Structures are given as structure tokens and as C-alpha cells.
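The values are calculated or read from the model by the stated rules, or taken from the named source; none is laboratory data. What you are looking at is a predicted structure, and each value in this text was computed from that prediction instead of being measured. Here the Cβ is made from the backbone with ideal geometry for all residues, glycine too, and neighbour counts use every protein chain on show.
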Amino acid sequence: MNNESLESLYASKNTAYFEWSRPELLPFVPGSARKVLDVGCGAAGFSAGLKSLLPAEVWGVELNKEASEIARQRLDKVFHAPFGPELGLPQKYFDCIFFNDVLEHMLEPATALRLALTLLAEAGVVVASIPNIGRFPEIWKLVIQGEWDYKNQGILDKTHLGFYTRKSIIKLFENSGYQVERIQGINDFLRMEPEDNDLWRKYRYFSWLPIRRIREMRHLQYAVVARRGG
């Protein structure tokens with residue numbers, strides 16, 4: 001799948017998809033950030049809110065044309081294009097670069113992370129949110145019901161090109177030149193489908209077991225804070 005194919009898939013999404021404000025990610029934002037890049041900013045639902053909280057210059061990159069036009073009215077600078085070196089973004093400029101539910105949509109996420117390294121200021125960080133394919137409803141549907149059905153949004157979004165667990169997220173960042181400073185599960189027990197109510201009841205039968213892998217099955221996503229490796 002090339003970037004043109006991805007863009008056509010994004011164009012078919014409901015506008016609300018690009019408006020999520022993501023308040024659960026605010027605790028991961030460094031308060032000292034003054035120059036910020038939001039990769040896959042959508043309509044800037046998150047980064048515009050961030051801009052209202054911090055005295056920061058906020059740039060965005062967005063593949064969906066309609067969303068990028070909305071974001072352009074909210075942020076300091078917005079690029080309607082794939083995230084790549086051809087954008088000519090300034091080197092060592094940004095205190096914080098966001099990939100909020102974006103890396104799983106990319107053909108080469110490691111390449112994107114390595115590019116972000118060149119754009120980060122010396123003490124800068126990348127903050128990312130990445131869906132957890134090890135979430136209980138998805139595992140139950142696959143292992144017990146034999147289902148792997150793509151959706152218009154969620155963990156099995158039809159535009160997702162990669163799927164991650166906590167362990168593989170850490171590996172992705174470390175192999176791309178980062179040290180993971182913090183990784184934490186977010187949006188626990190979120191119900192995305194009608195049948196999820198029943199599945200979460202099943203999960204509670206054995207969720208008391210002191211096994212980290214079982215505890216990890218409650219998270220919809222992982223929030224990651226990473227800086228350049230030593």
C-alpha cells in the first residue's frame with residue numbers, strides 16, 4: 001500500500017475521526033516544551049488544545065486534506081503531506097514530537113522515528129500513543145471465535161499497517177535509536193463494540209492473577225515517552 005492509497009482511505013473517514021482531543025495524553029507532555037511538532041495532527045483536536053495550555057509554537061503534519069485545512073486555522077504551521085525528509089523540517093528544532101496513534105498507519109515507522117531524531121532538540125522527546133493488539137477483546141475474538149475483522153476505527157482499523165504489544169513497542173523505539181523513558185497503558189476497559197461488555201465480564205474471571213501479560217490486556221493503547229539513546 002503506497003501513500004496515495006493511504007490518503008484515499010483517510011479521505012473516506014468521518015470528520016470526527018480527526019477531531020479527538022486526547023486529554024489522557026496531556027500528563028505525558030513535558031511542561032517545558034516550547035516548539036512542538038504533531039505528526040498526524042488530524043484537525044488539531046489534540047495539538048490546538050495543547051497550544052492553549054502551553055506558550056508553545058505548534059506545527060502539524062497531516063495526510064488528510066480536509067483535516068489539514070482545519071488544523072491550519074488552529075496551529076502555527078501545517079503541512080498536508082506524508083511525514084518525510086522532503087518536508088524540509090528544521091533540524092534539532094523541536095522540544096517534543098507527537099505520534100498519537102500514527103506509527104501503526106505508517107509503511108516504515110522506524111524510518112519516521114529516525115527522521116524525528118534529527119528534528120529533536122538535544123533534550124527533546126517523542127511522545128506517542130500506539131494501539132495494543134494484546135487487548136483482551138481482540139485476543140478473545142481471534143483465539144476463541146476465530147475472528148479478525150477490520151473496522152473503520154479502533155485497534156483493527158483498516159488503515160493500520162502494523163500491530164504492537166508493549167514489548168514490540170519498546171523494541172521499535174530502541175531499534176530506531178531511542179531510550180524509552182516511560183511506557184504506560186491508557187484507556188483501560190474501553191468498550192468499542194457492543195459485545196465488549198460481555199467480553200470484559202469474561203476478562204474479570206482471571207484478571208486477578210498476578211501476571212503482567214494479563215494486566216496488559218485491559219489497555220486500548222500505550223503512551224510512550226522516549227528520548228535519543230546514549
Starting from residues that are touching an Asp or Glu at 6+ places or on another chain (Cβ under 9 Å) and hydrophobic (A, V, I, L, M, F, W, C), keep the ones in region 168-216 and report whichever is surrounded by the most Cβ atoms within 10 Å (Cβ to Cβ). Leu199
Can you tell me which residue is surrounded by the most Cβ atoms within 10 Å (Cβ to Cβ) among those in region 71-95 that are touching a residue at least 24 places away in the same chain (Cβ under 8 Å) and among the hydrophobic types (A, V, I, L, M, F, W, C)? Ala71
Just need a number here: residues in region 28-77 that are in contact with a His (Cβ under 8 Å, 6 or more places away or on another chain), among the acidic types (Asp, Glu) and part of a helix (DSSP H, G or I). 1
Being outside any helix (DSSP H, G or I) and more than 22 Å from the chain's Cα centre (by Cα) is the filter here, so list the residues in region 208-219 that pass it. Trp208, Leu209, Pro210, Ile211
Just to be sure I understand the filter: pairs with C-beta atoms under 7 Å, separated by 6 or more residues or on different chains, first member in region 176-192 and within 27 Å of Arg228 (Cα to Cα) and in contact (Cβ under 8 Å) with a residue 24 or more places away in the chain, second member small (Gly, Ala, Ser) and part of a loop (DSSP other than H, G, I, E, B). Which pairs pass? Gly177/Gly229; Tyr178/Gly229; Gln179/Gly229; Gln179/Gly230
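Take Ile144 and tell me if it is of a type outside the set (Ser, Thr, Tyr), over 27 Å from Ala116 (Cα atoms), loosely packed, with under 13 Cβ neighbours inside 10 Å and out of contact with any Pro (no Cβ under 6 Å at 6 or more places or on another chain).
Here the answer is yes, as Ile144 does meet what is asked.
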Any idea which of (1) part of a loop (DSSP other than H, G, I, E, B); (2) in contact with a Phe, Trp or Tyr (Cβ under 7 Å, 6 or more places away or on another chain); (3) free of Cβ contacts under 8 Å to residues at least 12 places away in the same chain is the one Leu142 doesn't satisfy? (1)
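Residue-wise test of (1) assigned to a strand (DSSP E or B); (2) touching a helix residue (DSSP H, G or I) at 6+ places or on another chain (Cβ under 7 Å); (3) among the basic types (Lys, Arg).
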position	(1), (2), (3)
His160	no, yes, no
Glu174	no, no, no
Ile183	yes, yes, no
Leu199	no, yes, no
Phe206	no, yes, no
Ala223	yes, yes, no
In region 90-111, the residues that are of a type outside the set (Lys, Arg), under 21 Å from Lys77 (Cβ atoms) and touching a strand residue (DSSP E or B) at 6+ places or on another chain (Cβ under 7 Å): Tyr93, Phe94, Asp95, Cys96, Ile97, Phe98, Phe99, Asn100, Val102
Restricted to region 108-122, and to residues that are modelled with pLDDT of 95 or more and in a strand (DSSP E or B), which residue is surrounded by the fewest Cβ atoms within 10 Å (Cβ to Cβ)? Ala121
Out of everything in region 148-158 that is charged (D, E, K, R) and either modelled with pLDDT of 90 or more or outside any loop (DSSP other than H, G, I, E, B) (or both), what residue ends up being nearest to Arg182 (Cα to Cα)? Asp157
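The rows are residues; the columns are (1) farther than 30 Å from Arg213 by Cβ; (2) touching a Cys at 6+ places or on another chain (Cβ under 8 Å).
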| residue | (1), (2) |
| --- | --- |
| Gly60 | yes, yes |
| Phe83 | yes, no |
| Glu104 | no, no |
| Arg114 | no, no |
| Glu122 | yes, no |
| Pro131 | no, no |
| Leu142 | no, no |
| Glu147 | no, no |
Condition check: at pLDDT below 95 and crowded, with 18+ Cβ neighbours inside 10 Å. Does Lys65 satisfy that? no
